Amino acid sequence: MTAQYIPVLMAFAFAGTVAVAIVGLSVLLGRGRLRPPRKTETYESGMPLLDASRKRVSVKYFVVAMVFIVFDIEVAFLYPWAVTVRELVAEGARAVLLDGLIFLVLLGFGYVYLWREGAFDWSREGSRR
Amino acid sequence: MTVPTNYFILLATALFAIGAAGVLLRRNGISILLGIEIMLNAVNLALATFARQHGNLDGQVLVFFVMAVAAAEVAVGLALLVAIFRRHRSIDVDRLNVMRW
Amino acid sequence: MWAELAVTAAKLLLIAVGLLTAIPVMVWVERRGAAFIQDRLGPNRVGPLGLVQPIVDAVKLFFKEDITPAGVSRGLYFLAPMVAIFVALVTFIVIPFGAGTDVTVFGVPLSGVMVAPGLGVGVLYLLALGSLSVYGIVLAGWSSNNKYSLLGALRSSAQLISYELAMTVSVMGVILAAGSLRLDAVVAYQSQHLWNAIPQLVGFLVFVVAAFAETNRLPFDLPEAETELVAGYHVEYSSMKFAAFFMSEYVNMVTISALMVTLYLGGWTFPGHRALSGWPLLLLSVLSMLVKVSFVLFTFVWVRWSLPRFRYDQLMRLGWKVLLPLAVLNLVWVGVGVGYGWL
Amino acid sequence: MELIVFAATAALAIVSACVAVVHRQPVVNVLSLIVTFFCVAVNFALLGASFLAAAQILVYAGAILVLFLFVVMLLNAPVVEENEAKRPLQRWGGILLPLVLLAGGAAVLTPTLLATAATPTDGTAHALGRLLVGPHLFAFELVSVLLLAALVAAMVLVKRKQ
């Protein structure tokens, strides 16, 4: 049962090696010449830094991620449903379509609510148009 | 050789203990939610272990439902944190000592 | 046991090397293609038609000075490019690059030139690990201690997760039709029926648009929008650490093109493949897959130099208000189609 | 082979979970939790729950922790200085409870190893799907209602009052 994961393990090992090798090589081969402080400054198109770089970001990103979580769970639940539809229909249980449809419609209410709340509008100008 | 059931249970216990310690010891709201996530994951692991133990998939279906609950919990919990932060400019849960908004 | 391991390792290395060589080729096609579309010459000095140019560039990148800016979070800063390239290099193993269920090497069936033929979760593996690519970008943006980086990373991650949703829902349509998560089953289904792109045209279009967005290509290259964010999340990266992001972007592009071909364009199938078997079928199927993937890749280049960039609010509106409902509609249609035996 | 993988992921999971709980920097907390969840996913695979392993990565690592990261960046709150003296009860509870749990866990380990079922079942998407639309259909539909409620609640909470 677990033999199916051996190729996955190999791929992980391979990708990990490549990842470490690339970054390691970069450090080894590109090693230092002169390091004037100018060179390691944060690059902001030549302007002097005015304040901290890590600012608080907009709540809009939170809304997007929150909506994503909810719909991602929905997707995770629908995948097992989707793979069984063909089998179950072949066995004469066509009601399985209805099961999925009810699930989708219930979430559809949420989608409509979000739309009306403006969760999908990034800026106000966008929503007016 | 397959891994014995006991080992998985021990791992699940250890993770649960770490999560519980996190919830009790930290005051940062985000850390507390993370602790809850660790605890839920530990329970999921135990459920999947017992599902294998009994050769019955119902345990795995339950794990699936726990995942949905965890996601809902995180969405609402973090929204609460954002709202609290707006109000108090802090996510220290000890500052929340009034039941009034 | 050992023969199996050896064959798996050989397949893995072969495909990975193929993917990695695709990068310089793609760079060349992109630059020459851009030049052609914009009526200029493009790189033409190094080697015939400038063919050696990308290789020279790669060598140059290796020996560039590796600058670590002051004020970065060191651990995360080095981790980010590793995550990006790691995620790009583990996802392709569930894609069948050819036929060959009847071809054995050392007694081991080649099973569709998939590296992981037995993996039951199939396409879900690709989608799940692909969703981790967000972290490479967020890590880079956060650890760089640069406002442009942070903004680019945030935009990018919001864009990735928005379009990932539309993509997974449209993939679900294909899975529903094939009745299996495995991609070789999807190809087998298409060799019996029409290509999925025809009955599921809506889903296909959603997938194409989402594929452009997921690979941060124009018209969805807002995360790195040179004119407003200088380069987005990888501003502060130099030398091969920058190249790691660059490579992962191209590898992702090839992977997603191969996925697109497998899901919607018949995979490795070609007219008359049922008359063949054994090695000839295997070789021709790999060739056919290559041709299809190259065509899709060329479309990526073509679109890049033909369309302008979206504004961010337009991007979000397209993802949530247009693509997601369309993908769900496609899913409902496929469900009904399967339920009543039309598909 | 499986024992090696288990031991490695278990150790990694415990270490990264500890980091996730102890470290002061929220970003590091979240990132090390990704490692924990990834290890749990590997353990799901070892347990024959292949679909759950994929769902674990897709849902936890791909979605939930992204939200956590966004919130960390959104709040960018000053690190909470932990003044432990104020809450002796919780502090002792926080130290004692895990110890009790661990002792119980160690007690589980010592007796003879539990035998697994004769025919372990593989938790494929097919098998789970049949259970979801079969005996667990009601709960399946209820999940949709739960998600709907969570969506509305979270939206109401973050919305600014005009």
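The values are calculated or read from the model by the stated rules, or taken from the named source; none is laboratory data. None of these values were measured; they are calculated from a predicted model. Using ideal geometry, Cβ is built from the backbone for each residue, glycine included, and neighbour counts are taken over all protein chains shown. Protein only, heavy atoms only, side chains kept; ligands, DNA and RNA dropped before computing areas. Shrake-Rupley method; radii C 1.70, N 1.55, O 1.52, S 1.80 Å.
Filtering the range C:91-111 to residues that are at pLDDT 80 or above and either surrounded by fewer than 20 Cβ atoms within 10 Å (Cβ to Cβ) or farther than 30 Å from residue C:236 by Cα (or both) leaves C:93, C:94, C:95, C:96, C:97, C:98, C:99. Kindly evaluate residue C:64 against the criterion of being in contact with a Phe, Trp or Tyr (Cβ under 9 Å, 6 or more places away or on another chain) and within 13 Å of chain A (Cβ to nearest Cβ). Against the criterion (in contact with a Phe, Trp or Tyr (Cβ under 9 Å, 6 or more places away or on another chain) and within 13 Å of chain A (Cβ to nearest Cβ)), residue C:64 qualifies. The listed residues are C:315, C:329, and the only one of them that is over 19 Å from the mean Cα position of the chain (by Cα) and buried (at least 21 other Cβ atoms within 10 Å of the Cβ) turns out to be C:315. When the range C:140-166 is filtered for residues that are open to solvent by 10 Å² or more (accessible area, probe 1.4 Å) and among the aliphatic types (A, V, I, L, M), the ones remaining, listed by number, are C:150, C:151.
Here's the yes/no breakdown for (1) in a loop (DSSP other than H, G, I, E, B); (2) within 25 Å of residue C:301 (Cβ to Cβ); (3) open to solvent by less than 40 Å² (accessible area, probe 1.4 Å); (4) touching a helix residue (DSSP H, G or I) at 6+ places or on another chain (Cβ under 8 Å):
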residue	(1), (2), (3), (4)
C:11	no, no, yes, yes
C:27	no, yes, yes, yes
C:44	yes, yes, no, yes
C:59	no, yes, no, no
C:70	yes, no, no, yes
C:81	no, yes, yes, yes
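Scanning the range B:53-86 for residues that are polar (S, T, N, Q) and touching a helix residue (DSSP H, G or I) at 6+ places or on another chain (Cβ under 8 Å) yields B:53, B:60.
Annotation: of all residues in the range D:104-162 being of a type outside the set (A, V, I, L, M, F, W, C) and in a helix (DSSP H, G or I), the one that is modelled with the lowest pLDDT is D:105. Residues in the range B:41-59 that are surrounded by 21 or more Cβ atoms within 10 Å (Cβ to Cβ) and under 25 Å from residue D:66 (Cβ atoms): 6 in all. When the criteria are applied in full, residue B:13 meets the requirement of being in contact with a Gly (Cβ under 7 Å, 6 or more places away or on another chain), at the interface with chain D (Cβ under 7 Å from one of its Cβ atoms), part of a helix (DSSP H, G or I) and among the polar types (S, T, N, Q). Close contacts from the range D:55-67, counting a first residue that is under 21 Å from residue B:80 (Cα atoms) and a second that is among the small types (Gly, Ala, Ser) and outside any helix (DSSP H, G or I), with Cβ to Cβ under 8 Å and a gap of 6+ residues or different chains, come to D:63/C:131.
Here residue C:49 clears all of (1) farther than 30 Å from residue D:68 by Cα; (2) open to solvent by 20 Å² or more (accessible area, probe 1.4 Å); (3) out of contact with any Lys or Arg (no Cβ under 9 Å at 6 or more places or on another chain); (4) in a helix (DSSP H, G or I) except the condition numbered (3). Could you tell me whether any residue of the range A:30-49 is open to solvent by less than 60 Å² (accessible area, probe 1.4 Å), modelled with pLDDT of 90 or more and facing chain C (nearest Cβ under 9 Å)? Within the range A:30-49, not a single residue is open to solvent by less than 60 Å² (accessible area, probe 1.4 Å), modelled with pLDDT of 90 or more and facing chain C (nearest Cβ under 9 Å). Listed conditions (1) open to solvent by 10 Å² or more (accessible area, probe 1.4 Å); (2) within 11 Å of chain D (Cβ to nearest Cβ) are all met by residue C:134, apart from (1). The residue of the range D:48-62 that is surrounded by the most Cβ atoms within 10 Å (Cβ to Cβ), among those that are at pLDDT below 90 and more than 15 Å from residue B:66 (Cβ to Cβ), is D:62.
What do you reckon, is residue C:320 open to solvent by less than 40 Å² (accessible area, probe 1.4 Å) and in a helix (DSSP H, G or I)? Taking the combined requirement at face value, the residue satisfies it. Please specify each residue of the range A:80-113 satisfying the condition of being of a type in the set (Phe, Trp, Tyr) and either open to solvent by 30 Å² or more (accessible area, probe 1.4 Å) or touching a Gly at 6+ places or on another chain (Cβ under 8 Å) (or both). Those that are of a type in the set (Phe, Trp, Tyr) and either open to solvent by 30 Å² or more (accessible area, probe 1.4 Å) or touching a Gly at 6+ places or on another chain (Cβ under 8 Å) (or both): A:81, A:109, A:111, A:113. Within the range C:297-317, the set of residues being of a type in the set (A, V, I, L, M) and assigned to a helix (DSSP H, G or I) comprises C:297, C:301, C:303, C:315, C:316.
Scanning the range C:251-296 for residues that are among the aliphatic types (A, V, I, L, M), in a helix (DSSP H, G or I), surrounded by fewer than 24 Cβ atoms within 10 Å (Cβ to Cβ) and touching a Phe, Trp or Tyr at 6+ places or on another chain (Cβ under 7 Å) yields C:260, C:284, C:286. Residues that are within 9 Å of another protein chain (Cβ to nearest Cβ) and more than 14 Å from the chain's Cα centre (by Cα) within the range D:10-22 comprise just one, D:22. If we scan the range C:271-292, do we find a residue that is more than 25 Å from the chain's Cα centre (by Cα) and among the charged types (D, E, K, R)? Yes, the range C:271-292 contains a residue that is more than 25 Å from the chain's Cα centre (by Cα) and among the charged types (D, E, K, R).
Specify which of the listed residues (C:119, C:124) is within 24 Å of residue C:177 (Cα to Cα) and within 19 Å of the chain's Cα centre (by Cα). That would be C:124, the only listed residue that is within 24 Å of residue C:177 (Cα to Cα) and within 19 Å of the chain's Cα centre (by Cα). Would you confirm, using the coordinates I've provided, whether residue A:109 is among the aromatic types (Phe, Trp, Tyr) and within 8 Å of chain C (Cβ to nearest Cβ)? For residue A:109, the condition - among the aromatic types (Phe, Trp, Tyr) and within 8 Å of chain C (Cβ to nearest Cβ) - is not met.
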